[in-house]
Amino acid sequence: MITANKHFRDAFGHKMYKASISLDVTCPNRDGSKGVGGCIFCSEGGSGEFAAQRSDPVSKQIEDAVDQVKGKAGKDAGYIAYFQSFTNTYCSSNYLENALTEASECEGIEAVSVATRPDCLGPEIMDVLERQAKRMPLYVELGLQTGNDNTARIINRCYETKEYPEAVAALKDIGANVITHIIFGLPGETKDIMMDTVKMCRDSGSDGYKFTCLYVLKNTPLEKLYYDNKVEILEMEEYFDIVEEAIRILPESAVIHRFTGDGPKKSLIAPLWTMNKRQVINYINRRFGL
Ligand code: SF4
């Protein structure tokens, strides 16, 4: 297992920081093309609570994000333009290309990361991504969450798991580095089902992983399920036991970009252990020898 910090230092020669960007996009399971309401755990911000003002130009969003971390980052740090909220390839290829070009031309940007879904990578979008991968390192984050189609239906993901390995192969073909998002603790999932997801990602050739425990946010469909006692929320030790098992399954070269997420404090209902960020970080460092 390789940590994200080590991976970025090896690849870029210094520490890398992310400058989050919000585009004017949505998701096919929100706007009615494949479904409505989005994934049942996802907030109105589309997994981008900490991202920037989407009405600002990309360059301004990057400038603001860099300004915020410049003090602690120091002058040797590099930046990744991180297209974080919603499905960033669910738009016209022109819109995406202009956004990527604008980001790549910003001072300090050395790589681009695009969060999306395997079902939003049509031929024209792939051409844009291929051109971007030739310009600078490109990371593509795929929101898989689970490899189990039954769970995928429960969470309203609205694409079939078989699209994932095809997307990973196509992205690797154009030289992108693929990061897969997986959630542990989804409704009805046993540890075996979760490990099957991890194995499927490993066998598909995902380069990196972002793990998170399922967390319940206010005003999401999951909130109702939670109050109806239809979802079990993992305790901290229980969750990290699962992460440890997942890491055991993955090759040594797998980059772990995130050991767990932390929901926005103002709308987090459970699990409350994720609120204590410092304690969680210390626990991760101790447990995984970081
Ligand atoms: S695809 Fe991603 S951003 Fe869209 S609803 Fe699902 S989790 Fe949220």
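Here, each number is a calculation from the coordinates, and none is a lab measurement. Every value quoted in this text rests on a predicted model; they were computed, and no experiment measured them. Neighbour counts run over all protein chains shown; Cβ positions are idealised from the backbone, glycine included.
Taking the average, over residues, of other Cβ atoms within 10 Å as the packing measure, peptides 259-268, 273-282 rank 259-268, 273-282 from highest down. Overall, the anisotropy analysis places the chain in the rounded class: the square-rooted eigenvalues a ≥ b ≥ c of its C-alpha gyration tensor yield a/c less than 1.5.
For region 2-13, 3J(HN,Hα) computed residue by residue from phi via the Karplus equation (6.51, -1.76, 1.60; θ = phi - 60°) reads 10, 7, 4, 4, 5, 4, 5, 4, 5, 7, 10, x Hz, glycine and proline entered as x. Only helical runs count toward this figure. For the chain, summing -39,500 (n - 2.57) over DSSP H runs of n ≥ 4 and dividing by all residues gives -12000 deg cm²/dmol at 222 nm.
When the GluC sites (Glu not before Pro) in region 61-150 are filtered for DSSP coil states and for at most 16 other beta-carbon atoms within 10 Å of their beta-carbon, the remaining sites are Glu105, Glu107. Compared with the alpha-carbon gap, the fully stretched path from Asp31 to Leu290 is longer by 89.1 nm at 0.36 nm per residue.
For the chain, modelled as a GNM whose springs connect Cα atoms under 10 angstrom apart, the maximal fluctuation among Val58, Val25, Val36 occurs at Val36. Cross-link pairs exceeding 18 Å in C-alpha to C-alpha distance, out of Lys18/Lys75; Lys34/Lys266; Lys18/Lys60; Lys34/Lys199; Lys18/Lys70, comprise Lys34/Lys266; Lys34/Lys199.
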